[in-house]
Amino acid sequence: MRNPPLATGTAALIEEFIARTRALDGKEVREREAWNNEASPDAIRHFACGTDDDNPLWLDPAYAARTPHGGLLAPPAFLVSVLYPILHGAPMVAPLSSLIGGVEFEWRRRVKAGDRLRASSVQKASYAKTNKAGRKLIFVISECTYRNQADEAVATAAGTMIRTLQEGTELLYERPIKKYSEEEMAKIAAAYKGERRTGSATLFFEDVREGQALPPMVRGPLTIGDMVAWNAGNGPSYKAGRRGYLDLEKAPHNAVPIPQIGIRVKNSQQHEDFHLAAQRGMPGPFDNGVMRFAWVSPFVTNWMGDEGFLKKLYVQVRRPMIYGDTLWYSGKVTAKDAASRTVSVEITGVNQEGEVATAGSAVVELPARGR
């Protein structure tokens, strides 16, 4: 069934949003201030804990001092807390929802504890298309560059934001909330306890073969606690009360209507409010693509070990995660390049319904044996 025609006023707003967003193509855009501008041990710990990453290379100074790096490193995904790698298009009052389609990083240098960091973002492109259901989708492509205190480029990031019409109380994605049996929870608990990390047991390039599987990883069931931890690790995502209301007047593209009580709230707050207002499970999506990216990163860094270097990571959201969802991650080596000592990895995340919810890829540089 096709969506009903837009009201004239709403249609005009969407077209205005598209035109104003296209006018930003190729320009530097700054939507928010940096939360972290230094990779201090406390900031690193805060981010690692917020993204469920307990690698001692980020968290244990004594352990990190014994590695070839001589001290703590920041997780590769830490940079998203320096500057969020997603742009939303022109800020204006329009009933639009936000979906992050994909996030990709390319690193040139490791981030060490004590590094001072800054970043800039450019809206690379934007375009609109209509899907099979007749819904207009607006794509905003962003690019961020992260630099250290020596003005060296540490990494670049690209992100895809998809904006679409929020039609009243309609949910973009709905499915019954999963209730796990004792046996299912025991399987998840066993996967938690069985998670493995290469760590100081060096993974050499020569020992990796094409088709080799990475140790599996499980994340979920997703709860409000995960979102709270993510927001804390990535920086305060919203202000409440009067300050929050005034902030949304300045950035209305971040607002989501709660029709049941006639207010607008920050998009990252909508999940709790929908739940309380409608007394049902969470509307989709619950997590977002940058959170998904930060969760997938340890899947690769745990496998590559202390001396590996994550050069590229791409994470695509195929299905949103709603409250209670669990993702089972698997990966395999798809290619090797002897000249650069890099291996390519394919990543897949399957939810408890058997759906591919995450797709991705990584390129990792590994040390050579006997170098």
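The values are calculated or read from the model by the stated rules, or taken from the named source; none is laboratory data. Values in this document were obtained by computation on a predicted structure and should not be read as measured data. We place every Cβ from the backbone using ideal geometry, glycine too, and count neighbours over all the protein chains shown. Surface areas here come from the heavy atoms of the whole protein model, side chains and all, with no ligands, DNA or RNA. Shrake-Rupley method; radii C 1.70, N 1.55, O 1.52, S 1.80 Å.
Listing for the model above:
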| item | result |
| --- | --- |
| Some residue of the stretch 28-44 being assigned to a loop (DSSP other than H, G, I, E, B), closer than 30 Å to R264 by Cβ and among the β-branched types (V, I, T) | yes |
| Top-ranked residue in the stretch 51-75 [being crowded, with 20+ Cβ neighbours inside 10 Å and more than 30 Å from A90 (Cα to Cα); ranked as farthest from the chain's Cα centre (by Cα)] | A64 |
| In the stretch 237-262, residue farthest from S97 (Cα to Cα) [restricted to those that are at pLDDT below 75 and among the aliphatic types (A, V, I, L, M)] | I261 |
| Single residue of K336, K332, K311 found to be farther than 17 Å from A213 by Cα and in a strand (DSSP E or B) | K311 |
| Hey, A43 open to solvent by less than 40 Å² (accessible area, probe 1.4 Å), within 22 Å of the chain's Cα centre (by Cα) and without any contact (Cβ under 8 Å) to a residue 40 or more places away in the chain or not | yes |
| The stretch 230-248 residues that are under 27 Å from A77 (Cβ atoms) and of a type in the set (G, A, S), paired with ones that are part of a helix (DSSP H, G or I) and modelled with pLDDT under 80 (beta carbon under 9 Å, 6 or more apart) | S237/N267; S237/S268; S237/Q269; A240/Q269; G244/Q269 |
| Filter pass, E365 being farther than 18 Å from T198 by Cα and open to solvent by 10 Å² or more (accessible area, probe 1.4 Å) | no |
| Pair list, Cβ under 8 Å, 6 or more apart: the stretch 293-316 residue on the phi > 0 side of the Ramachandran plot and crowded, with 20+ Cβ neighbours inside 10 Å, other residue part of a helix (DSSP H, G or I) and of a type in the set (G, A, S) | none |
| Spans of strands (runs of 3 or more DSSP E) in the stretch 96-209 with at least 3 residues open to solvent by 40 Å² or more (accessible area, probe 1.4 Å) and more than 21 Å from L313 (Cα to Cα) | 118-130 |
| Those residues of the stretch 10-27 which are of a type in the set (A, V, I, L, M), open to solvent by 40 Å² or more (accessible area, probe 1.4 Å) and not in a loop (DSSP other than H, G, I, E, B), in sequence order | A12, L13, A19 |
